[in-house]
Amino acid sequence: MNITSSRRFPKAKSSSFTLVELLVVISIIGLLAGLGLPAINGAIKAGKKAEVSAMAESIKTAVNAFYAEYSSYPSNTTGKTDTSFLSAIKGDTNGGNYRGIAFLEVPPKFTNGVAANGDLGLVPPKGYGKKMTNFYIQIDSSGLGYVDPTKSSGTSVTNSNVPSTVAVWADDPMTNKPVGTFK
């Protein structure tokens, strides 16, 4: 007796994706990327703002260290962190820094101003705003105990009588508010 089975076993299903499954996955990835890019862009801008604020604090600390060493502030007639201010803080022997002490180590990205605009010296890094301008600085050399940043030309600061001997800031290109050593 010969028993034969007429029953057939189904073939194994192939393990590839269908076109519909592939399109669904691609659309989900596109949707997630579209939702994530604005958040990433906001995080990058917040990082640049924090970087500028930290550099402003470093400049303020360097100016106070200069004062502690020489009992006078570095000469600054422009109210900006221009080349003469930068050279005195970095350790050149001009600008009142007779001993040539380096009070501030400056990363190269903070010295990439545009010579044609007269913005050489300490500037916020590229990507912070469309226009590269120096940091603003106000020094209380008269001993009043406060500075008045509104007297700096070209800034949008509305704070007056900031209780500090040194105020350093840069204008935020998005909000036109100061980013630096005071609020």
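In terms of its alpha-carbon gyration tensor, the range 43-84 comes out oblate; a/c meets the 1.5 threshold, while b/c is at least as large as a/b. Ordering Leu86, Leu32 by the number of other Cβ atoms within 10 Å of each residue's own Cβ, fewest first, gives Leu32, Leu86. Taking the Cβ-Cβ separation of Thr61 and Leu35 as r and a Förster radius of 30 Å, what is the calculated FRET efficiency to the nearest 0.05? In this case the efficiency is close to 0.15. Peptides 62-71, 90-99, 49-58, 19-28 ordered by packing proxy, namely the average of other Cβ atoms within 10 Å per residue, highest first: 49-58, 62-71, 90-99, 19-28. When Tyr73, Tyr128 are arranged by Cβ crowding within 10 Å, least crowded first, meaning fewest neighbours, the order is Tyr73, Tyr128. Note on Lys131: aspartates and glutamates with a C-alpha under 19 Å away, same-chain residues under 8 apart excluded, are Glu51, Asp82, Asp119, Asp171, Asp172. The overall shape of the range 20-180 is prolate: from the C-alpha gyration tensor, with semi-axes ordered a ≥ b ≥ c, the ratio a/c is 1.5 or greater and a/b exceeds b/c.
If you plug the beta carbon distance of Lys177 and Tyr146 into 1/(1 + (r/R0)^6) with R0 = 30 Å, you get a FRET efficiency near 0.95.
Where a number appears in this text, it was derived from the coordinates with a stated rule and is not lab data. The structure presented is a predicted model; accordingly, all values stated were derived computationally and were not measured. Note: ideal-geometry Cβ built from the backbone for every residue, glycine included; neighbour counts use all protein chains shown.
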